[in-house]
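The next block holds one structure in the form of structure tokens; read it before the comments.
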Amino acid sequence: MPIFRNAQFEISIAKPSGLPPSSGAEIAFAGRSNAGKSSAINTLAGHVRLAFVSKTPGRTQLINFFRLNSGALLVDLPGYGYAAVPEKVRREWQGLIEHYLRQRESLIGLVLIMDSRHPLTPLDRQMIDWFAPSGRPMHVLLTKSDKLSRGAASAVLQDVRRQLAPLGPQVTVQLFSSLKKSGVEEAERVIAAWLGLGGPAAGDEPAMADGANKNPRPGE
Ligand SMILES: Nc1nc2c(ncn2[C@@H]2O[C@H](COP(=O)(O)OP(=O)(O)O)[C@@H](O)[C@H]2O)c(=O)[nH]1
Ligand SMILES: [Mg+2]
């Protein structure tokens, strides 16, 4: 389900006070600078430059909101961990991200982007610590998986799953590559389910089926 197709830019904010009213579901994307967050957003959106892909990491200091077809918002959080940023600026970004992850009522799920070659850095752990207490779902994209052999990628996947297992089943992890466009459907399935767009859940099936049209396939 191409839930991110035709996403439209809505607003950028630099301070918590600029946040639009909390209404409708928001899915946030977070990650270290250069982890591949903008590329992943663009890959999911099927868009070349929805989120700016830069060779100069750490430029995005804003929270950018994009409106999805379903009405939900995709929220692109500023990349963190870029060493060359002055301490004062870094504290401001972190304050903004922390405020958003801890306080935002309409935030229904977090997509955390990590470079599969350097997963779970201390700052990634910090994001997880801010967000996980909400009990809301988090999906980790281990991106740039094309840079690892199959065996190495699968070992990283197992290791990150094991390390995050104590957080519970609402935390899920997958491999992703924006270069190879791999992992797109898996990510879409997980996020569509958060938005209630994953098709009828088992419990929603009509109690009485009349035999015809018992398992209608969408699009037929
Ligand atoms: N090989 C490979 N390179 C990637 C992938 N995703 C991003 N990159 C590269 O990594 C760098 C940082 O990507 P970007 O999306 O700007 O990262 P951001 O700072 O997290 O938004 C760029 O040079 C991208 O071309 C991927 O899946 N595979
Ligand atoms: Mg970026």
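The values are calculated or read from the model by the stated rules, or taken from the named source; none is laboratory data. All figures in this text were calculated on a predicted structure; none of them were measured in a lab. Cβ placement follows ideal geometry from the backbone for every residue including glycine, while neighbour counts extend to all protein chains displayed. In case anyone asks, the SASA skips ligands and DNA or RNA and just uses the protein heavy atoms, side chains included. Shrake-Rupley method; radii C 1.70, N 1.55, O 1.52, S 1.80 Å.
Name every residue in region 87-112 that is under 21 Å from S38 (Cβ atoms) and open to solvent by 70 Å² or more (accessible area, probe 1.4 Å), in order of residue number. Matches in region 87-112: E92 only.
Could you tell me whether R67 is open to solvent by less than 50 Å² (accessible area, probe 1.4 Å), in contact (Cβ under 8 Å) with a residue 60 or more places away in the chain and within 21 Å of V190 (Cβ to Cβ)? No; evaluated as a whole, the condition is false for this residue.
Taking region 1-19 as the region of interest, how many residues are assigned to a loop (DSSP other than H, G, I, E, B) and either farther than 14 Å from P78 by Cβ or open to solvent by less than 60 Å² (accessible area, probe 1.4 Å) (or both)? Adding up the residues that qualify gives 8. Condition check for K147 on (1) more than 16 Å from ligand 2 (Cβ to nearest atom); (2) open to solvent by 10 Å² or more (accessible area, probe 1.4 Å); (3) closer than 19 Å to L19 by Cα: one failure, at (3).
Out of curiosity, is L141 in contact (Cβ under 8 Å) with a residue 60 or more places away in the chain and part of a strand (DSSP E or B)?
yes
Residues in region 1-39 that are more than 14 Å from the chain's Cα centre (by Cα) and within 22 Å of W194 (Cβ to Cβ): 15 in all. Within region 171-194, take every residue that is in contact (Cβ under 8 Å) with a residue 12 or more places away in the chain and open to solvent by 60 Å² or more (accessible area, probe 1.4 Å) and give me the one that is farthest from ligand 2 (Cβ to nearest atom). Applying the filter and picking the extreme gives R189.
Inspection of region 27-40 identifies at least one residue that is at pLDDT 90 or above, of a type in the set (K, R) and within 13 Å of ligand 1 (Cβ to nearest atom).
I41 - would you say it is at negative phi and either in a strand (DSSP E or B) or away from ligand 2 (no atom under 16 Å from the Cβ) (or both)? In short, no. If you go through region 113-126 one residue at a time, do you hit one that is open to solvent by 40 Å² or more (accessible area, probe 1.4 Å), in a helix (DSSP H, G or I), out of contact with any Lys or Arg (no Cβ under 9 Å at 6 or more places or on another chain) and closer than 24 Å to K15 by Cβ? Within region 113-126, one or more residues are open to solvent by 40 Å² or more (accessible area, probe 1.4 Å), in a helix (DSSP H, G or I), out of contact with any Lys or Arg (no Cβ under 9 Å at 6 or more places or on another chain) and closer than 24 Å to K15 by Cβ.
Which members of region 195-210 meet the condition of being open to solvent by less than 50 Å² (accessible area, probe 1.4 Å) and either under 21 Å from G135 (Cβ atoms) or modelled with pLDDT of 95 or more (or both)? Show your work before the answer.
Just the residues of region 195-210 that are open to solvent by less than 50 Å² (accessible area, probe 1.4 Å), to begin with: 195, 199.
Selection gives L195 alone.
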